[in-house]
Structure formats: C-alpha cells, structure tokens
Amino acid sequence: MLALTTKDKALQAMKQFLAYVKNQYKSIVQMWMSDSGGEYKSKAFDKVLKNRGIKILQSIPHTLQQNSQAERLMCTLSDKAESMCLDACLPDSWWNFAFQHACYLYNQTPQTRLNWCTLHEMLEGEKPIVYHLPVFGCRAYVYLPQGICKDKMSPKSELIIYLGCKGTTLRSLR
C-alpha cells in the first residue's frame, strides 16, 4: 500500500486500495467512510467512487467523535511509530517505515472485540507467524551474492537497519 506523504496522493492510494481488495480478496468495497478532509473532497475522488457504485459516507467536519474508532487507531499507531523511531534513534524522515511496521504489528495482535483473534486471522483464516520479527531499527547484515561483490576480497555482507516487514524495505548504512 502507498503511504500518503502528501494529501494529493489520496486519489492514487484509494485506487490502489480498491484494486488490492478486488484482486486479493475477490471482494468489492460497497461504502467509503471519510472524515470530510480535503483530500477526500475532490470531484475526481467522488467520480471514481460513484463510477464503481460505492456509497460515499462522510462525518461532519471537525467532529472527531463521529469517527472515533478510526481516530483512536490513528493515535495508537502514531504513538507506536514515534516510540519505535525514538528507541531506534532514527530520523523523523523515516516515520513512514515505523508507521507501516506499527500497523503490521497491530494486525498481528489479538483483540478482545474479535474474541482474541487477530485481524490477520479474521482476514486470511490462519494464525499469524511473528517469531521471525526482529526489533524495529536494529542493525543487521544482509548477504551479498557473488555478482554484486567487486572481487573475492570485498565484503560478503552489508550492514543495514531493519525498518519493518512485509512491503517495507531495509536501509543501508552506507
């Protein structure tokens, strides 16, 4: 999924999300709920939703309580991402990696409202595997295959920083 670094990317992200739901889960989005933010109020945005037969629902502007679950989740994920960046001594510019990782971890966490199942389990039908997850922001070495190494004497691995899992990337320390 695309991280929204600027609000003008909302239309592109929404199209990608709709395509993802259709291709991965053989399902169609029927309603689109938003907080009436400017990124969701363009004619192009409405046109895409209407052309696909998606009902548009919007909360009254500046009334967070109408969208309280989503707002609370955003605060939770933001707090987790900020904590992970601070703990790993990473710059603010890498917040999107921390946010994606926080979201991934949230989806792997059992919840009382789901009878102690995870969101991953509800969607995929299988328990998530999390034993492979290293600490966010830890140092790691990645193996470099022979074709990448200059010669026999060059390093066979490179020091990187782990910036999350599944869909995120690793950063080189070079």
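The numbers here are math on the coordinates, done by the rules we state, and not lab data. Every value quoted in this text rests on a predicted model; they were computed, and no experiment measured them. As a convention, Cβ positions derive from the backbone with ideal geometry for all residues, glycine included, and neighbour counts pool all protein chains shown.
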Residues whose built amide H sits under 5 Å from the amide H of Met33, excluding neighbours closer than 5 in sequence, are Leu57
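Just to check, using Stokes-Einstein with a Kirkwood Rh over alpha carbon pairs, what's the diffusion coefficient of the range 1-99 at 10 °C and 1.306 mPa s in µm²/s?
Numbers: Rh = 15.3 Å.
D, rounded to a whole number, is 104 µm²/s.
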Within the set Ala44, Ala102, Ala70, GNM on the chain using Cα springs under 10 Å gives the largest fluctuation to Ala44
Determine ³J(HN,Hα), in whole Hz, for all residues of the range 21-28 in sequence, where each value follows from phi through the Karplus function 6.51 cos²θ - 1.76 cosθ + 1.60 and θ = phi - 60°; x replaces Gly and Pro. 4, 5, 6, 7, 10, 6, 9, 10
Provide the per-residue ³J(HN,Hα) series for the range 104-120, in order, calculated from phi with Karplus coefficients 6.51, -1.76, 1.60 and θ = phi - 60°, each as a whole number of Hz, with x at glycine and proline positions. 4, 5, 4, 5, 9, 9, x, 10, 5, 5, 10, 6, 6, 9, 9, 4, 4
Using the Karplus equation 6.51 cos²θ - 1.76 cosθ + 1.60 (θ = phi - 60°), what ³J(HN,Hα) coupling, rounded to whole Hz, does each residue of the range 145-162 give in order, writing x for Gly and Pro? x, 4, x, 8, 5, 5, 8, 5, 8, 6, x, 9, 8, 10, 6, 9, 10, 6
Between Leu144 and residues 5 or more places away or on another chain, the pairs with built amide H atoms under 5 Å apart involve Ser157, Glu158
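From the convex hull of the Cα coordinates of the range 7-62, what is the mean projected area in square nanometres?
Numbers: hull surface 15.3 nm².
Dividing the Cα hull surface by four gives the mean projection, 3.8 nm².
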The range 9-65 and the range 116-159: distance between their alpha carbon centers, rounded to Å: 33
Please report, in debye to the nearest 20, how large the charge dipole of the chain is about its Cα centre when each Lys and Arg carries +1 at its beta carbon and each Asp and Glu carries -1 there. 640
Looking at Ile161, Met74, Tyr25, which one has the Cα that reaches farthest to the positive end of the dipole of the chain (charges on Cβ: Lys, Arg +1; Asp, Glu -1)? Tyr25
Candidate values [x] 13.6; [y] 12.2; [z] 10.0, label of the one derived for mean projected area of the Cα convex hull in nm²: [x]
Would you list His101, His132 from fewest to most Cβ contacts within 10 Å? His132, His101
